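The values are calculated or read from the model by the stated rules, or taken from the named source; none is laboratory data. In this text, all values refer to a predicted model and were calculated from it rather than measured experimentally. Note: ideal-geometry Cβ built from the backbone for every residue, glycine included; neighbour counts use all protein chains shown.
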Ligand code: SF4
């Protein structure tokens with residue numbers, strides 16, 4: 001029987017060899033022959049990217065100048081973390097090859113944590129022991145691997161802002177609860193053995209559908225690796241005994257984060273291998289990187305889950321410094337005899353975080369320093385970190401291209417809405433992003449009402465009161481009992497899940513707001529309320545859209561006033577032409593042909609109610625100014641100009657206009673597309 005690569009003898013390997021001896025086998029240690037006594041040099045680089053681009057350039061040169069069956073070795077620490085960077089560097093160096101896979105083998109797979117499946121499993125585990133905010137939960141709901149969680153795209157405000165898995169399960173219907181019954185066991189302080197927890201976890205993942213994803217290859221490999229991590233975790237069972245679910249989640253999480261996926265080994269002329277894999281291998285040319293003083297010998301890495309004294313007693317390798325130094329020294333010696341020419345490299349730079357200069361490892365002290373020109377025939381070719389970097393500017397490899405237009409909207413698509421109109425006016429790119437591409441703003445569910453919800457409550461309250469009192473006299477006769485009854489109804493409809501104390505406070509606040517509003521309405525000239533919050537449809541510019549006006553009043557002289565309730569900051573300057581900051585009121589003016597005035601009715605905290613608008617009514621209503629000063633036109637001409645502008649906006653949306661042009665800088669402040 002031959003065993004290879006057993007230079008480092010773990011407790012299990014030692015036990016195995018002891019057993020062999022006890023069964024009467026002769027166990028003979030054979031050290032690899034030192035075949036080469038060639039040149040060994042070292043070289044420093046100012047950055048990792050310069051080091052990598054030199055190595056890949058050197059590897060290409062070796063590959064081109066050596067016989068076809070030569071083996072070029074590169075030994076790399078942290079190969080899992082650097083694998084993608086190394087691959088990109090090789091792809092740039094071998095830019096004329098269709099694929100580098102037949103030339104270079106990077107002997108380590110990617111870290112498991114980089115797979116979507118692993119990330120989703122970790123997030124799910126975290127959700128079982130802690131609350132996540134709604135956007136994290138929605139992200140988890142989009143996982144193709146855990147479809148049976150049935151997480152919706154939007155949460156209503158009956159959910160808390162942050163919640164855990166058990167809270168989520170508690171709010172689901174009977175069928176889903178029954179289906180996900182097994183998940184309720186992943187909780188609490190009850191102690192179980194690691195075996196039991198792993199069993200429950202695997203069953204839970206099955207129930208969630210992690211086996212059903214259609215991308216079989218990727219999913220299968222990641223799933224197999226995760227199962228392997230679980231079986232590694234099982235080995236801790238005798239050491240940790242009975243543990244809580246939170247402790248179990250910690251163990252699994254750390255193990256998943258540290259795991260590197262296996263890669264298929266295959267023969268290629270250039271082999272990038274880890275330090276451990278390289279022991280005993282022979283090459284025609286070898287480059288060993290990562291030999292700074294801080295990297296070689298590496299720090300000790302005892303198993304985080306097993307007490308250190310136990311590991312020392314069991315003589316687990318590399319848990320004492322002498323043991324580690326001995327291993328590093330032997331490996332350095334082995335490398336230096338593994339090829340006719342061996343190059344050790346290190347990054348010799350001031351590391352920002354430790355503020356000190358990094359020198360070469362003392363284990364390489366006896367090797368002479370080399371210069372770049374002795375290692376590579378064209379040192380200039382690697383002096384830009386990336387082989388393409390020097391071409392970028394001169395040869396225009398990168399062109400910048402901006403387009404102000406999206407594709408046109410189909411002629412047959414006549415769906416339109418007031419929000420498209422407003423967004424197209426405020427910023428065409430925003431309209432395109434939201435209504436064409438579908439990048440919706442995700443509102444967090446909230447427990448206590450925010451400013452928007454408070455505004456909605458006030459709208460509902462005034463609407464209810466105006467259903468009871470249709471004119472000034474009726475409003476003046478509203479009694480306290482009626483007002484409280486209406487407030488209670490509105491609050492119960494919307495805030496029934498909130499504490500009684502909060503509802504009482506809100507009732508008091510709204511009572512004051514309503515009394516102040518009644519005072520304001522009684523101070524005005526007489527009026528009749530014609531419409532309150534009624535949906536209407538308008539045809540404009542070849543499309544139709546629905547709108548809802550808060551309120552339309554008929555004044556004593558028969559003229560019509562359109563009123564919009566506002567609780568936040570607004571500015572009637574938004575109705576000024578040539579470009580509208582808000583299309584809502586100009587649209588109402590177009591939709592209600594006989595309207596003689598448009599106004600906001602302001603409900604600003606701590607201030608009396610007031611009108612803010614434009615019309616022909618300035619002589620009779622305070623706060624509503626004539627248009628002649630601002631617009632230099634008659635009221636009818638202003639309405640006509642608004643109509644033309646609205647039609648132009650509809651046309652520009654259908655033509656695909658999507659230029660980035662906010663009507664004023666503060667439009668961007670609340671825009672969720674800012675990051676784009
Ligand atoms: S952030 Fe500003 S510029 Fe960008 S889409 Fe939103 S409104 Fe337009």
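For the reader, a short list of remarks on this structure follows.
- Highlighted here are the helices (runs of 4 or more DSSP H) found entirely within segment 211-267 that include at least 2 residues which are modelled with pLDDT of 90 or more and in the same structural domain as residue 129 (by TED's automatic domain parsing): 216-234, 245-258.
- Flag if residue 462 is free of Cβ contacts under 8 Å to residues at least 60 places away in the same chain, farther than 21 Å from residue 663 by Cα and surrounded by 14 or more Cβ atoms within 10 Å (Cβ to Cβ): no
- When residue 37 is tested against (1) within 17 Å of residue 285 (Cα to Cα); (2) at pLDDT below 85; (3) within 44 Å of the chain's Cα centre (by Cα), just one condition goes unmet, and that condition is (3).
- When residue 583 is tested against (1) surrounded by 19 or more Cβ atoms within 10 Å (Cβ to Cβ); (2) within 16 Å of the ligand (Cβ to nearest atom); (3) more than 23 Å from residue 437 (Cβ to Cβ), exactly one condition is not met: (3).
Condition check ((1) touching a strand residue (DSSP E or B) at 6+ places or on another chain (Cβ under 6 Å); (2) in the same structural domain as residue 490 (by TED's automatic domain parsing); (3) at pLDDT below 95) across all residues:
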| residue | (1), (2), (3) |
| --- | --- |
| 502 | no, yes, yes |
| 505 | no, yes, yes |
| 525 | no, yes, yes |
| 531 | yes, yes, yes |
| 543 | no, yes, yes |
| 556 | no, yes, yes |
| 560 | yes, yes, yes |
| 563 | yes, yes, no |
| 566 | yes, yes, yes |
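- Count - residues of segment 93-140 that are over 27 Å from the mean Cα position of the chain (by Cα), part of a helix (DSSP H, G or I) and either modelled with pLDDT of 90 or more or surrounded by fewer than 17 Cβ atoms within 10 Å (Cβ to Cβ) (or both): 2
- Residue within segment 45-66 that is in a strand (DSSP E or B) and either touching a helix residue (DSSP H, G or I) at 6+ places or on another chain (Cβ under 7 Å) or at pLDDT 85 or above (or both) present: yes
- Among (1) free of Cβ contacts under 8 Å to residues at least 40 places away in the same chain; (2) within 16 Å of the ligand (Cβ to nearest atom); (3) assigned by TED's automatic domain parsing to the domain that holds residue 540, the one test that residue 625 misses: (2)
- Condition check for residue 455: surrounded by 13 or more Cβ atoms within 10 Å (Cβ to Cβ) and within 14 Å of the ligand (Cβ to nearest atom): no
- Qualifying positions in segment 492-505 - free of Cβ contacts under 8 Å to residues at least 24 places away in the same chain and part of a helix (DSSP H, G or I): 492, 500, 501, 503, 504, 505
- When residue 476 is tested against (1) touching a residue at least 40 places away in the same chain (Cβ under 8 Å); (2) within 30 Å of residue 419 (Cβ to Cβ), just one condition goes unmet, and that condition is (2).
- Just one of the numbered conditions (1) touching a helix residue (DSSP H, G or I) at 6+ places or on another chain (Cβ under 8 Å); (2) free of Cβ contacts under 8 Å to residues at least 40 places away in the same chain is not true of residue 86: (2).
- Residue in segment 642-659 that is loosely packed, with under 15 Cβ neighbours inside 10 Å, within 16 Å of the ligand (Cβ to nearest atom), in contact (Cβ under 8 Å) with a residue 60 or more places away in the chain and closer than 29 Å to residue 443 by Cα present: yes
- If you go through segment 60-78 and keep only what is over 20 Å from residue 377 (Cα atoms) and in contact with a strand residue (DSSP E or B) (Cβ under 7 Å, 6 or more places away or on another chain), you end up with 75, 76.
- Screening residue 675 on (1) within 16 Å of the ligand (Cβ to nearest atom); (2) assigned by TED's automatic domain parsing to the domain that holds residue 546 shows it passes everything except condition (2).
- Residue match in segment 281-303 (condition: in contact with a strand residue (DSSP E or B) (Cβ under 7 Å, 6 or more places away or on another chain) and at pLDDT below 85): yes
- Checking the stated criteria, residue 376 turns out to be modelled with pLDDT under 90 and either surrounded by 14 or more Cβ atoms within 10 Å (Cβ to Cβ) or outside the structural domain of residue 61 (by TED's automatic domain parsing) (or both).
- Taking residues in segment 243-260 that are without any contact (Cβ under 8 Å) to a residue 60 or more places away in the chain, and partners anywhere that are surrounded by 16 or more Cβ atoms within 10 Å (Cβ to Cβ), the pairs with Cβ atoms closer than 6 Å and at least 6 places apart or on different chains are 248/197; 251/233; 255/229; 255/233.
- Scope segment 177-197; condition more than 29 Å from the chain's Cα centre (by Cα) and crowded, with 19+ Cβ neighbours inside 10 Å; matching residues: 194, 197
- Considered as a group, the residues in segment 420-452 that are assigned to a helix (DSSP H, G or I) and more than 16 Å from the ligand (Cβ to nearest atom) include one that is surrounded by the most Cβ atoms within 10 Å (Cβ to Cβ), and that residue is 452.
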